[in-house]
Amino acid sequence: MSRPVARRAKQVPLRTHWFVLTMLLVCLATMLLLNGYTHHMYGAEPDGAVRSPGKLGGAPPSIVKGGPVIDAGEGQPRSASPKPRTIALTFDDGPDPVWTPKILDLLKAQKVHATFFVVGTEIAAHPALARRIVAEGHQIAVHTFTHANLTTVAGWRRDMELRQSQSILAGATGVTTTLLRPPYSSEPAELTDRDWESIEATRKAGYLTVLTTQDSEDWRKPGTTQIIANSMPRSSAGQVLLMHDAGGDRSETVEALSKLVPRLKARGFRFATVSDAVGLPDPTRKAGLLDRGRGLAVIWAMWLSDFVLKLLTWLLYAAGALAVLRAITTLIAARRHARMRDWLYGPPVTEPVSVIVPAYNESAGIEAAIRSLVASDHPLEVIVVDDGSTDGTADLVESLRIPGVRVIRQANAGKPIALNTGMQAARFDLIVMVDGDTVFEPDAVRMLIQPFGHPAVGAVSGNAKVGNRGGLLGRWQHIEYVIGFNLDRRLFDLAECMPTVPGAVGGFRRTALERIGGLSDVTLAEDTDLTMALCRDGWRVVYEERAVAWTEAPASLDALWRQRYRWCYGTIQAMWKHRGAWVQRGQAGKFGRRGLTYLLLFQVLLPLLAPVVDVFSLYGLVFLDPVRVLLVWLGFLVVQMGMGLYAFRLDGERAGPLWTLPLQQFVYRQLMYLVVIQSVFTALAGTRLRWQRMERYGSLQAPASTEGFP
């Protein structure tokens, strides 16, 4: 393999790209963690449906037998009860965009004030409703950040629940409060020892705890009549009545409230906020500027996290749709292409062929490549263009003294120039270009040139297979060649929009090459650039699956990264260079609107979206239903496995390596989309990438007979 002159390129500054990408991933992970915590660690059960754990008797007798407003401060704990014939209406779990406004309208019409124990996440979602509660003279109080059970959560989370709910309240309404109703709490007589420990801890944080004396049990949805019955006082004693303005359909609560308030007023009861009912000073205070700013920052962060999740969801849908679309189109195309396997392009092509082998430091594998070519069952000449090798490649080829093999030496000028040099020296009109690490089957050249029987065919792509497929990395690349590259080539062949004839095995008509001026060195993917230029010039480029050649794949992750980085970046360069094909007519237009669109969707956008699938999968495993997420992943894997089995059958390959396909999803796939991400960053930065030459191992041997490469 040759390489471009070093002075024509510069090293890409990778650190900046990876720093930006890392920061984006950190921000994304932070947003998802925030969203997952605020939306999926929410205590969804109604307060009365959960019993507090622990034994009774932990609270002091004076508290158990006392009132519902508790001060568990140092010294003797105290409690307070509502004044006689006074009802403190309280509403939990809001604000809700549907039911809270209805309840506020009803209370305003009845000229009644109530106390709303609000959840921090709901305030962040509906800050205007929280402001309306305060503006209309109602009392607003804390019901934690995510409706967490303060009795059972760890101390750090209890502190965070209180701190964040207070912060959001300050940001949304401009006030703070010292009133707290713990979720899943009940009457003082029901306090357990763990409940009391929690109340003492919240008192140290500066809160008064508000329990209830009467539960409407509207969360059970027992019907309007039963809610009214549950809410009616049994005596003239004051009550703290529990109702809900969120947590589901509250139509029964609204209807019951519209009847309950007039009925209680008629019996001589008055309504008040909690602090007024028990004779306490106003617990709300105006928030400081810093507290308001901190609260607004939390609200905006939650809004941003919601937006990020919605965006990720739509991107996930897009990635899924693209993956399904690609699977359907490639499988349909592969099936149709298989039916055309014996289709003839014209009379048999028997004319001799010039094979050009560009070589830069290819001593490890050049002998096997040359011997496989001269063992061909079709007449040919072999031209080895030594591009300034320093490892004795040219000397090695000359020492073989094989008839029909010529060596041309030139100063290092790059692979495209070496191929142009070989083309000028070629004696025949049909030219085959071969990498120096590729081994041909004996019939590969003959099969490769048969499509030239049709005068419109300007180039033919052969079937490149991975020869060194031992180990996981080798098997994964083998799978990629069979499922990815070869299935795509069948589709491109049918759609007449082949974007790449691989450098490992490709045939060309000399007149077609001369008409476009030969190969160009302005991109790093000279084979893709050449193929696109031929398509834009009106030539057909086809795929001949029976022309099999064996290539040496990278044997390490570092070598694989460098090779695929060059391929991907070079492909993006070529796509940009030939973007005008999108608006051309004829064969060039087919290539542009079909081939370039396919590359953009499935080889650029889909890999860019692939991390979304992985990120969302992790999010789902942590915060959603992990079984459902695993089932979706298994479904995706089944589709991949089905495509693999079919592609392997079409290529005549054993299906054994497919057992590594699930492992490929965890390592190899991530490496490939990171390659695309890095290539896009490099392209956007306008930096020219230096040639990344792959190390040769000499692992391939020329086939000993016509039975094929093992």
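Listed by position, the helices (runs of 4 or more DSSP H) contained in segment 537-623 that have at least 3 residues being surrounded by fewer than 16 Cβ atoms within 10 Å (Cβ to Cβ) are 557-577, 606-623.
Looking only at segment 265-324, count how many residues are touching a strand residue (DSSP E or B) at 6+ places or on another chain (Cβ under 8 Å) and either hydroxyl-bearing (Ser, Thr, Tyr) or not assigned by TED's automatic domain parsing to the domain that holds LYS111 (or both). Residues meeting the conditions: 3.
Scanning segment 538-550 turns up one or more residues that are β-branched (Val, Ile, Thr) and in contact with a Cys (Cβ under 8 Å, 6 or more places away or on another chain). Being on the phi > 0 side of the Ramachandran plot, of a type outside the set (Asp, Glu) and touching a residue at least 24 places away in the same chain (Cβ under 8 Å) holds for only one residue in GLY247, GLY293, and it is GLY247.
Counting just the residues of segment 71-86 that are assigned to a loop (DSSP other than H, G, I, E, B) and buried (at least 18 other Cβ atoms within 10 Å of the Cβ), which one comes out modelled with the lowest pLDDT? Even if it seems obvious, please write down each step before you answer.
Going through segment 71-86, the residues assigned to a loop (DSSP other than H, G, I, E, B) turn out to be 72-77, 81-85.
Now narrow it down to the ones that are buried (at least 18 other Cβ atoms within 10 Å of the Cβ): 72, 77, 81-82.
Working: ALA72: 81, PRO77: 88, SER81: 94, PRO82: 95.
Applying the filter and picking the extreme gives ALA72.
Entry remark, segment 226-248: residues being closer than 18 Å to LYS265 by Cβ, surrounded by fewer than 23 Cβ atoms within 10 Å (Cβ to Cβ) and polar (S, T, N, Q) number 2 in total. Against the condition in contact (Cβ under 8 Å) with a residue 12 or more places away in the chain, surrounded by 15 or more Cβ atoms within 10 Å (Cβ to Cβ), within 18 Å of ALA88 (Cβ to Cβ) and not hydrophobic (A, V, I, L, M, F, W, C), how does THR273 come out, does it pass? So THR273 passes the test.
Search segment 650-668 for residues that are in the same structural domain as GLY471 (by TED's automatic domain parsing) and pair each with any residue that is charged (D, E, K, R) when their beta-carbon atoms are under 6 Å apart and the residues are at least 6 apart or on different chains. Filtered contacts from segment 650-668: PRO657/ARG475; THR660/ARG475. Of the listed requirements (1) over 15 Å from ALA647 (Cβ atoms); (2) surrounded by fewer than 24 Cβ atoms within 10 Å (Cβ to Cβ), THR500 misses just one: (2). For segment 223-258, taking the residues that are assigned to a loop (DSSP other than H, G, I, E, B) and of a type in the set (A, V, I, L, M, F, W, C), the one that is farthest from PRO95 (Cα to Cα) is identified as ALA237.
Among the residues of segment 336-347, at least one is assigned by TED's automatic domain parsing to the domain that holds ASP527, of a type in the set (Lys, Arg), free of Cβ contacts under 8 Å to residues at least 12 places away in the same chain and more than 28 Å from HIS113 (Cα to Cα). Could you say whether any residue in segment 195-212 is among the hydroxyl-bearing types (Ser, Thr, Tyr) and surrounded by fewer than 21 Cβ atoms within 10 Å (Cβ to Cβ)? No, every residue in segment 195-212 fails to be among the hydroxyl-bearing types (Ser, Thr, Tyr) and surrounded by fewer than 21 Cβ atoms within 10 Å (Cβ to Cβ).
Given GLU398, GLU381, which one is over 45 Å from the mean Cα position of the chain (by Cα), in the same structural domain as ALA525 (by TED's automatic domain parsing) and over 23 Å from ALA549 (Cα atoms)? Walk me through how you get there before you give the answer.
Working: GLU381 fails: over 23 Å from ALA549 (Cα atoms).
Result: GLU398 is the single residue among GLU398, GLU381 that is over 45 Å from the mean Cα position of the chain (by Cα), in the same structural domain as ALA525 (by TED's automatic domain parsing) and over 23 Å from ALA549 (Cα atoms).
Remark: LEU89 matches the filter, which requires a residue to be over 47 Å from the mean Cα position of the chain (by Cα), closer than 30 Å to PRO262 by Cα and modelled with pLDDT of 90 or more. Looking for something over 19 Å from ILE449 (Cα atoms) and in contact (Cβ under 8 Å) with a residue 60 or more places away in the chain - is there at least one such residue anywhere in segment 391-407? No, segment 391-407 contains no residue that is over 19 Å from ILE449 (Cα atoms) and in contact (Cβ under 8 Å) with a residue 60 or more places away in the chain. Could you check, for segment 170-184, whether at least one of its residues is surrounded by fewer than 23 Cβ atoms within 10 Å (Cβ to Cβ), among the β-branched types (Val, Ile, Thr), touching a strand residue (DSSP E or B) at 6+ places or on another chain (Cβ under 8 Å) and not in a loop (DSSP other than H, G, I, E, B)? Taking every residue of segment 170-184 in turn, at least one turns out to be surrounded by fewer than 23 Cβ atoms within 10 Å (Cβ to Cβ), among the β-branched types (Val, Ile, Thr), touching a strand residue (DSSP E or B) at 6+ places or on another chain (Cβ under 8 Å) and not in a loop (DSSP other than H, G, I, E, B).
Considering only segment 324-360, state which residues are part of a loop (DSSP other than H, G, I, E, B), modelled with pLDDT of 90 or more and not β-branched (Val, Ile, Thr). Result: PRO347, PRO348, GLU351, PRO352, TYR360. Scanning segment 104-122 for residues that are modelled with pLDDT of 95 or more, within 25 Å of LEU150 (Cβ to Cβ) and outside any loop (DSSP other than H, G, I, E, B) turns up THR115, PHE116, PHE117, VAL118.
If you filter segment 88-106 down to residues that are among the β-branched types (Val, Ile, Thr) and over 16 Å from PRO182 (Cβ atoms), you find that the one that is surrounded by the most Cβ atoms within 10 Å (Cβ to Cβ) is ILE103.
Here ARG203 fits the description: assigned to a helix (DSSP H, G or I), within 20 Å of SER81 (Cα to Cα) and modelled with pLDDT under 95.
The sole residue among ALA128, ALA124 that is closer than 29 Å to GLN110 by Cα and without any contact (Cβ under 8 Å) to a residue 40 or more places away in the chain is ALA128. Taken over segment 321-351, the criterion of being within 30 Å of PRO379 (Cβ to Cβ) and buried (at least 16 other Cβ atoms within 10 Å of the Cβ) is satisfied by HIS337, TYR345, VAL349. Cβ separations smaller than 8 Å between residues 6+ apart or across chains give no pair from segment 348-365 residues that are closer than 18 Å to SER389 by Cβ and outside the structural domain of GLY503 (by TED's automatic domain parsing) to residues that are among the hydroxyl-bearing types (Ser, Thr, Tyr) and buried (at least 23 other Cβ atoms within 10 Å of the Cβ).
Here's the yes/no breakdown for (1) modelled with pLDDT under 95; (2) part of a loop (DSSP other than H, G, I, E, B); (3) over 35 Å from the mean Cα position of the chain (by Cα):
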residue: ALA128; (1), (2), (3): no, no, no
residue: ILE133; (1), (2), (3): no, no, yes
residue: ALA141; (1), (2), (3): no, no, yes
residue: VAL153; (1), (2), (3): yes, yes, no
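The values are calculated or read from the model by the stated rules, or taken from the named source; none is laboratory data. All values derive from a computational prediction rather than experimental measurement. Cβ sites come from the backbone with ideal geometry, for glycine too, and all protein chains shown count toward neighbours.
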